[in-house]
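Report on the following structure.
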Amino acid sequence: MSDPLPPKFTRVALLIAAVIACAAAVHAQDNPYRVAEGWPQLPSAMKFGGVISTDVDARGNIWVFHRNDPPILQFAPSGQLLKSFGAGMFVQPHGMAIDRDGNIWVTDAQNKDGKGQQVIKLSPDGKVLMRLGKAGVAAEGPDTFNGPTDVVIAPNGDIFVSDGHVMNANGRIVKFSKDGKFIKTWGKKGKGPGEMDTPHAIAMDSRGRLFVADRANNRIQIFDQDGKFLDQWKQFGRPSGVSIDKNDTIYVVDSQSNASLNPGFKRGLRVGSAKDGKVTAYVPFAEPEPDKNNNAGMEGVAADAMGNVYVGETTTQILKKYVRAARSN
């Protein structure tokens with residue numbers, strides 16, 4: 001047996017190991033992306049409102065839900081605007097998802113003048129195919145919503161809605177069958193496992209697990225489709241938006257982290273693995289923070305099959321395309 005190292009050398013070895021580990025962690029969260037300048041192209045008469053949500057369809061076209069009319073836009077990968085519709089339909093555009101058949105699902109998170117508090121399914125041409133919730137009615141029932149923030153569709157057609165984006169609402173997930181029949185709900189306001197405070201987005205991985213952006217609790221909660229709590233992750237910051245691609249890469253945007261709301265984290269995009277929760281990249285939000293308690297920046301996120309990431313910003317009212325930066329030798 002070899003003699004143990006003297007304490008001095010042991011301390012030096014531990015210090016070197018710590019430095020290497022720290023460097024590896026920093027490198028793992030480098031920013032490998034750059035903004036694609038000049039993308040997308042809007043007609044001169046049109047401008048973005050707050051870009052709250054985005055998704056990509058099977059053809060690689062990018063859909064956008066923003067807070068200006070017309071609120072639903074479709075762009076080609078080149079950035080060319082292909083179509084737009086939905087003017088006058090919504091009170092507060094919020095969540096968006098594209099299902100396997102190419103239909104568009106959106107949520108309207110507030111109510112006014114007999115509109116809002118609904119989840120609406122539309123065809124790619126803008127025809128309304130289904131409405132969930134009662135128009136203009138804010139309540140937490142089997143057929144009503146109280147601030148629906150996002151929606152995701154399972155492969156079998158089941159519908160999952162994150163609900164609770166109003167003052168004093170219970171945070172909950174509501175499950176419906178593919179034909180819109182209420183199945184169940186779970187969650188209540190709180191900080192414990194399965195409890196929620198402002199569930200702001202929802203996504204599904206390849207295993208069918210549900211990832212909920214439990215924003216005011218600074219975490220992502222993971223459930224099975226029956227509402228069983230599986231895990232919670234805090235390494236992705238204070239999540240406003242979450243998206244998972246077919247390779248189980250998870251994209252999480254954080255529009256609120258700061259020293260008072262989520263110490264140790266800053267606003268931006270974090271990319272990682274939905275399989276093990278490892279964060280592998282961080283894209284900072286470049287704009288200055290106007291107010292320590294103000295939402296600002298990234299809230300909608302999606303990625304295409306090429307690994308390009310589309311990020312919607314609310315207060316800065318823009319949609320950005322992030323592409324992988326060329327590596328220098």
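Brief remarks follow.
- The length gained by stretching the chain between Asp158 and Asp179 to full extension, at 0.36 nm per residue less their Cα-Cα distance, is 6.7 nm.
- Value at 222 nm in deg cm²/dmol, rounded to 500, when DSSP H runs of n ≥ 4 in the chain each add -39,500 (n - 2.57): -2500 deg cm²/dmol
- Residue pairs exceeding 22 angstrom between C-alpha atoms, taken from Lys83/Lys181; Lys121/Lys191; Lys83/Lys121; Lys121/Lys184; Lys127/Lys320: Lys83/Lys181; Lys121/Lys191; Lys127/Lys320.
- Packing-based ranking, highest mean first, of 179-185, 49-55 given that Cβ atoms within 10 Å are counted: 49-55, 179-185
- Relative exposure of Lys320, Lys246, judged by other C-beta atoms within 10 Å (fewest first): Lys246, Lys320
- Contact order for region 34-324, expressed relative to its length and based on alpha carbon pairs under 8 Å spaced 6+ residues apart, stands at 13 percent.
- Expressed to the nearest 5 percent, the antiparallel share of DSSP beta bridges inside the chain is 95 percent.
- For Asp205, nonlocal amide neighbours, meaning residues 5 or more places apart or on other chains whose placed amide H falls under 5 Å from its own, are Phe211.
- In the chain, one over the average inverse separation of all distinct C-alpha pairs is 20.4 Å, which is the Kirkwood hydrodynamic radius.
- Under 19 Å from the Ala135 label point (7 Å along Cα→beta-carbon), backbone N, region 62-79: 69-72
- Extending 7 Å from Cα along the Cβ direction at Asp143 and again at Leu82 yields two label points whose distance is 3.6 nm.
- When only the Cβ of Lys, Arg, Asp and Glu is charged (+1, +1, -1, -1), the dipole of the chain relative to its Cα centre reaches about 300 debye.
- Cα centroid separation, region 133-147 to region 216-272 (Å): 26 Å
- In the chain, the longest principal axis of the Cα atoms and the axis of helix 7-28 are about 20 degrees apart.
- Qualifying aspartates and glutamates (Cα of each under 18 Å from Cα of Lys189; at least 8 residues distant if same chain): Glu140, Asp150, Asp163, Asp197, Asp214, Asp231
- Simple rule: put +1 on each Lys or Arg Cβ and -1 on each Asp or Glu Cβ in the chain, find the dipole, and look at Gly49, Ala274, Gly102; the Cα lying farthest toward the positive end is Ala274.
- Virtual spin-label span in nm between Lys189 and Lys47, 7 Å along Cα→Cβ: 3.7 nm
- With the simple spin-label model, which puts each label point 7 Å out from Cα in the Cβ direction, the Asn168 to Ala58 separation comes to 4.6 nm.
Just so you know, all these numbers are worked out from the coordinates, no wet-lab data involved. Just so you know, these numbers come straight off a predicted model, no measurement behind them. All Cβ positions, even for glycine, are placed from backbone atoms using ideal geometry, and neighbour counts span all protein chains on display.
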